[in-house]
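Below: the structure, in structure tokens.
Any read-out appearing in this document is the output of simple, stated calculations on the displayed coordinates, not a laboratory observation. On a predicted model such as this, the values are computed, not experimentally measured, just so you know. Heads up, the Cβs are rebuilt from the backbone with ideal geometry, glycines too, and the neighbour counts pull from every protein chain shown.
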Amino acid sequence: MARLCNPRTVDRRSWTLLGVLASIWGASYLFIKIGLEDFSPAMVVFLRTLLAALVLAPLALSRGALTGLGSRWWPVLLLAAVQVAGPFLLISWGEEEISSSLAGILVASAPILTAMLAIFIDRDERPTRVGGIGIGIGIVGVALLLGVDVGGDSAALVGGLAVVLASLGYAIGGFYLKARFKGVQPIGVVTATMFASALLTLPLALATFPSGAPGAGSIAAMVALGAGGTGIAFVIFYTLIADVGPSKASIVAYIAPVFSVLYGVTLLDEELTTGVVAGLLLILAGSWLAADGRVPRRRRRPQAAVADSPPSAA
């Protein structure tokens with residue numbers, strides 16, 4: 001599916017795909033907010049993961065990417081709980097109390113949390129001094145958003161903390177993915193974890209089944225979120241990994257939050273405060289420095305393993 005090219009070169013096509021992917025992932029928070037008008041957080045997660053799995057399955061099957069995962073059903077379930085179902089639920093719960101744009105910004109703290117965890121659990125990923133500075137800057141940005149932008153509202157503070165906790169799940173899941181799924185095609189892991197996440201959230205979704213018929217807007221938002229923002233988006237992401245490499249593909253993590261703010265302000269009339277802008281800039285700067293600082297001190301041996309964990313996407 002992907003073209004063979006110099007992975008160091010980001011050509012016009014790749015930049016276009018990066019922009020498209022960022023605009024799709026940035027819209028995820030908008031679709032969640034719309035879906036929550038008629039669906040519970042659990043139903044939102046169940047629908048999006050099931051639709052994503054159905055979109056990804058044909059591609060994974062055609063590549064034989066699901067081979068060998070049957071014997072790893074327990075690690076798949078654990079990965080699904082930590083990196084997909086859990087974070088998706090926390091983000092959806094959080095968006096019941098905070099704006100979609102704020103959720104998009106807070107999720108961007110995942111690289112900061114990843115760098116912090118690496119200090120204790122992954123020697124190869126430990127941040128350098130520059131990375132440490134990035135961690136500090138990012139923490140200031142998160143504290144600014146939680147302390148200034150939502151500090152006066154206890155419900156909003158809890159919602160914001162839920163989204164930050166979701167980012168922690170993304171970070172932990174990334175290390176688990178690296179440790180337990182070496183040699184497995186990434187598209188296969190994503191497909192399996194989406195199916196597993198739908199299974200894990202099914203009981204909660206049934207328990208909170210909507211009492212009335214959902215509106216057309218909510219249904220359309222779920223289709224866009226599941227098939228597009230969670231399914232097709234990962235296909236684009238892995239195309240970019242093949243074209244330009246995982247490091248350059250991860251640039252999308254720094255563009256998507258800008259789209260989430262743009263959509264929230266223009267389409268949902270969410271307020272754009274000075275605190276939001278400052279927090280966005282600090283978190284993105286800190287995330288970039290933290291990720292750039294995670295450079296191994298010795299040359300890594302090449303791996304045919306799962307690619308780096310995908311950028312956090314709601």
Practice task
Would you calculate, for the chain, the mean residue ellipticity at 222 nm contributed by helices, counting each DSSP H stretch of 4 or more residues as -39,500 (n - 2.57) and dividing by all residues, to the nearest 500?
Solution key: -21500 deg cm²/dmol
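So for the chain, what are the equivalent ellipsoid semi-axes in whole Å, largest first, each being the square root of 5 times an eigenvalue of the Cα gyration tensor? Write down the numbers at each step before the final one.
On the way: eigenvalues 148, 125, 67 Å².
Each semi-axis is √(5λ); the values are 27, 25, 18 Å.
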Fill in the blank from the handout: Magnitude of the Cβ-charge dipole (Lys and Arg +1, Asp and Glu -1) of the stretch 12-293 about the Cα centre, nearest 20 debye, reported as 1220
Practice task
When a/c is below 1.5 the answer is rounded, else prolate if a/b is larger than b/c, else oblate, so apply that to the stretch 252-293 with a ≥ b ≥ c taken from the square roots of the Cα gyration tensor eigenvalues.
Solution key: oblate
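When Lys and Arg each count +1 and Asp and Glu each count -1, what net charge do the other residues less than 14 Å away from Ser211, Cβ to Cβ, add up to? Write out the running numbers ahead of the final one.
Numbers: positive: none; negative: Glu37, Asp38.
Surrounding charge for Ser211 is -2.
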Problem - Vicinal HN-Hα couplings computed from phi for the stretch 19-32 (Karplus, 6.51 cos²θ - 1.76 cosθ + 1.60; Hz; Gly/Pro x) - result: x, 5, 5, 4, 5, 6, 5, x, 7, 4, 5, 5, 5, 4
Practice task
Average the reciprocal distances over every distinct pair of alpha-carbons in the stretch 1-142, invert the result, and give the Kirkwood radius in Å.
Solution key: 18.2
Completion exercise
Cα-Cα pairs in the stretch 209-287 separated by more than 13 Å, as a whole percent of all pairs, come to 77
Problem - Cα Rg over Rh - the stretch 179-249, Kirkwood - result: 1.09
Exercise for the section: Considering Cα pairs under 8 angstrom that are at least six residues apart, work out the relative contact order of the chain and quote it in whole percent. Expected result: 43
Problem - Protection-proxy order for peptides 90-103, 175-188, 158-171, each taking the mean of Cβ atoms within 10 Å per residue, highest first - result: 90-103, 158-171, 175-188
Problem - Kirkwood Rh and Cα Rg combined as Rg over Rh, evaluated for the stretch 44-102 - result: 1.08
